[in-house]
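The values are calculated or read from the model by the stated rules, or taken from the named source; none is laboratory data. Source: prediction; values computed, not measured. Heads up, the Cβs are rebuilt from the backbone with ideal geometry, glycines too, and the neighbour counts pull from every protein chain shown. Just so you know, the surface numbers come from the protein's heavy atoms only, side chains and all, with ligands and any DNA or RNA stripped out. Shrake-Rupley method; radii C 1.70, N 1.55, O 1.52, S 1.80 Å.
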Amino acid sequence: LAILGGFFWVIFLAVAAFLLNVVIGRLIALQRSQIATLKAVGYDNLTVALHYLTIITLIVALGIGIGIGVGIWLGRGLTQLYTAFYRFPVMTHYLRPRLVLLATGVSYGTALAGSLSVLFRVFHMPPAEAMRPPAPPTFHGTWSERWGLSRFFSPTGKIVFRNLTRQPWRTGLGVIGIACAIMITMLGLFWWDTINFIIYSQFALAERDHSTVVFIEPTEDRALRELQHYPGVLTVEGYRSVPIKMSHQQRHQQTAVLGYPPDSRMHLLLDQKQHTIPYPSEGLVLSKLLAERLAVKPGDTVSIEVLEGKRQHWLQAVTGIVDEWVGFAAYMNLDALDRRLGDRTVTAAALNIDTSREDELYKDLKASPAIAVVNVKRNVLRSFKKTMIRFIITFATALTAFALVIAIGVVYNNARVILSERARELMSLRVLGFSRREVFQILRNELGFYVVTALPLGWLLGYWFAFMMIRLMHTETFAIPLILERSTYAYSSLVVVIAAVISSVIVQRRLNAMNLVSRIAPMAMKKI
């Protein structure tokens, strides 16, 4: 939670500040003639600046008010989710005032800086000059033209390329904003991929039994034969768990060594590529976390001290590493473990059962005085899915909604800025004979450039942030694998594409509704 709360707010506030800066800057740039008129009739710079300062204050205040309300609602919902998940008796939601002050300061300060920078440029102009529309920008030969690459561009392609390179900072920030939307969506969805992978590898590939019974005390093999005669039991495999202290050089760890039959079919050892590792005739197979804890690798020798019974002590070679994500586990061949301990017992058994008779069977097992615990894998998996899927759905839905808002905000604002700044140019093309479709194609291609450029950058950012999140959440006893399926990349991209399509439709309708004469000769229309 500390990791998620430590960098998510930075992303959201940065994008919000960027959008607010763009909106206020565009508003002032469009009203430069009105500002010049006010100055010409006697209004001073401070009075005009206070007008826009009031607008910024109202926008930020409204945004902060809505944000606090939605934040409290989401915060309470997540608090209730964690209370139910971890079964806390009491857990209350608390909003720290410094977060509100920080969000207000960042949003207000960024909008103020953007508006003042535009205002100062207008203030330094003579009123007569500011009343006129901005002079068309002076274009120079670009590197693509000098290298002869421009011959591959169509006329509209050259217009698009020059417009994008005229303000590289804004182009870059627009691409980064859309990429952040992709990244946020990926961070919400990659948990689906990771949890599904863990469920598949752990409950389908590694553990292939239906249930596990744990005996009250170590027992002989005849207990397995008695279990085999229970109605509904198909196969039985016994295994042994022995508490030990494992040492290597100056490192120590208390854990348990688990002994499984060499031909076990209900519990398999898997490597990083999900390939089966056989139980060695001699030697230990350690989980990845335990191997990291003791700083051992295959071929090293560890010291084992048994913490029960005769408290035997011996040295054992490590023959393999398995890729497990929770806890410290050590595995041995059951026959080899029995030889080391000098007896032959089992502490638990894995069962495959006839599912049509499971209710009757579980009732008989729980009634047995020799059995302490009956773990049903299906119930464990159902409980795990119920709690984790609820959390993931809440988390992923919230992040996807935020990402969609960011994507629409960035794409739509870029489109509106392009339309407002180059309305005269686009309408001039219409007068020269360009159709609405051809004029809109210029805007559409620019929007397409933002989206197409942002897609690979968003994928890289999403992968990198997911990797960093996984690394930061890694502990000595808990590690999460980084799994990102192709569907996650596709869905994250679809969110941005939908936002771009919606923005394009809105901009096209505004473009079609524009009056050619009023855009080309605004002063003449005012006189009329």
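What longest range of the chain stays clear of loop-exposed GluC sites (Glu not before Pro) (DSSP non-H/G/I/E/B, at most 16 other C-beta within 10 angstrom)? List each step's numbers first, then the result.
Details: sites that count: 220, 282, 308, 476, 485.
Counting at most 16 other Cβ atoms within 10 Å as exposed, the longest clean stretch of the chain is 1-219.
Specify the inter-centroid distance of region 340-410 and region 259-323, based on alpha-carbon positions, in whole Å.
25 Å
Using the Karplus equation 6.51 cos²θ - 1.76 cosθ + 1.60 (θ = phi - 60°), what ³J(HN,Hα) coupling, rounded to whole Hz, does each residue of region 161-178 give in order, writing x for Gly and Pro?
My calculation for region 161-178 gives 5, 5, 5, 6, 7, 5, 10, x, 5, 5, 4, x, 5, x, 5, 5, x, 5 Hz in order.
What list of ³J(HN,Hα) couplings, whole Hz, do you get for region 376-388 from phi and the Karplus terms 6.51, -1.76, 1.60, once you set θ to phi - 60° and write x for glycine and proline?
9, 4, 5, 5, 4, 5, 5, 5, 4, 5, 4, 6, 5
With the full set of protein chains in place, find how many percent of the accessible area of region 428-467 is carbon and sulfur; take the probe as 1.4 Å.
Result for region 428-467: 68 percent of the exposed heavy-atom area is carbon or sulfur.
Placing unit charges on C-beta atoms (Lys and Arg positive, Asp and Glu negative, everything else neutral), compute the dipole magnitude of the chain about its Cα centre in debye, rounded to 20.
3200 debye
Once you order the gyration tensor axes a ≥ b ≥ c over the Cα atoms, which shape class does region 384-488 get: rounded for a/c under 1.5, otherwise prolate or oblate by comparing a/b with b/c?
Judged from the Cα gyration tensor, region 384-488 comes out prolate (a/c at least 1.5, a/b above b/c).
Give the cross-link partners of residue 297 among the lysines, using a straight C-alpha distance below 21 Å as the criterion and excluding same-chain residues fewer than 8 apart.
Residue 297 reaches 245, 273, 288.
Give the lysines reachable from residue 386 as a straight Cα distance under 19 Å; neighbours fewer than 8 places away on the same chain don't count.
Within the straight-line limit of under 19 Å, residue 386 reaches these lysines: 377.
Per the Kirkwood treatment, what hydrodynamic radius in Å, one decimal, follows for the chain from the mean inverse distance over all distinct Cα pairs? Working shown, then result.
Details: mean 1/r = 0.0346 Å⁻¹.
Taking every pair of different Cα atoms in the chain, averaging 1/r and inverting gives 28.9 Å.
What lysines sit close enough to residue 39 to cross-link, taking a C-alpha to C-alpha distance under 29 Å and skipping anything fewer than 8 places away on the same chain?
In chain and number order, the partners are 526, 527.
Please work out whether region 321-394 counts as rounded, prolate or oblate from its C-alpha gyration tensor, where a ≥ b ≥ c are the square roots of the eigenvalues and a/c under 1.5 means rounded, while otherwise a/b larger than b/c means prolate and anything else oblate?
Oblate shape, in that a/c is at least 1.5 and b/c is the bigger or equal ratio.
Obtain the nm distance between the two label points defined at residue 487 and residue 76 by a simple spin-label model: each point lies 7 Å from its Cα along the Cα-to-C-beta direction.
Once both label points are built, they end up 3.4 nm from each other.
So which chymotrypsin sites (Phe, Trp or Tyr not before Pro) in region 460-498 pass both tests, a DSSP loop state and at most 15 other Cβ atoms within 10 Å of the Cβ? Write down the numbers at each step before the final one.
Numbers: sites: 463, 464, 465, 467, 478, 489, 491; in loops: none.
Sites meeting the loop and neighbour criteria: none at all.
Let's test the formula: R0 of 51 Å, r as the Cβ-Cβ distance of residue 460 and residue 387. What FRET efficiency results, to the nearest 0.05?
With R0 = 51 Å, the Cβ-Cβ based efficiency is 0.95.
With label points built 7 Å along Cα→Cβ from the Cα atoms of residue 234 and residue 272, find their separation and express it in nm.
3.5 nm
Can you give me the long-range amide H partners of residue 257? Hydrogens built in the peptide plane at 1.01 Å from N, cutoff under 5 Å, separation of 5 or more residues or another chain.
So residue 257 has HN proximity to 242, 244.
Helix 436-473 versus the longest principal axis of the chain: what angle, 0 to 90°, nearest 10, using Cα atoms?
30 degrees
Where does the chain land at 222 nm, in deg cm²/dmol rounded to the nearest 500, when only DSSP H runs of n ≥ 4 count, each adding -39500 (n - 2.57), divided by all residues? Walk me through the numbers before you get to the answer.
Values: 18 runs with 322 residues, N = 528.
The helix-only estimate for the chain comes to -20500 deg cm²/dmol at 222 nm.
On a 0 to 90 degree scale, rounded to 10, what angle separates helix 45-86 from the longest Cα axis of the chain?
Computed tilt is about 20 degrees.
Counting only C-alpha contacts under 8 Å and six or more residues apart, can you give the relative contact order of the chain as a whole percent?
The value is 20 percent.
Only sites in a loop by DSSP and with at most 14 other Cβ atoms within 10 Å count here; which chymotrypsin sites (Phe, Trp or Tyr not before Pro) in region 18-87 make the cut?
Passing sites in region 18-87 are 43.
Could you do me a favour and compute the accessible area per residue for region 48-108, 1.4 Å probe, result in Å²?
It amounts to 69 Å² per residue over region 48-108.
Classify region 169-294 from the C-alpha gyration tensor, please: rounded if a/c falls under 1.5, else prolate or oblate depending on whether a/b exceeds b/c.
prolate
Leaving ligands, DNA and RNA out of it, report the carbon-plus-sulfur percent of the accessible area of region 60-127 at a 1.4 Å probe.
71 percent
Starting from the Cα-Cα distance between residue 308 and residue 29, subtract it from 0.36 nm times their residue separation and give me the gain in nm to one decimal. Each step should come with its number before you reach the end.
Numbers: separation 279, 0.36 × 279 = 100.44 nm, distance 8.03 nm.
Here the answer is 92.4 nm.
Near the amide H of residue 329, under 5 Å away, which other amide H atoms are found, from residues 5 or more places off or on another chain, if H is placed in the peptide plane?
Answer set, sorted by chain and number: 287, 290.
Tell me, what is the per residue accessible area of region 252-294 in Å², probe radius 1.4 Å?
Counting only protein heavy atoms, the per-residue value for region 252-294 is 46 Å².
With a sphere of radius 13 Å drawn around the Cβ of residue 369, what net charge do the other residues whose Cβ falls strictly inside it have (Lys, Arg +1; Asp, Glu -1)?
Working: positive: 366; negative: 217, 226, 364.
So the surrounding residues net to -2.
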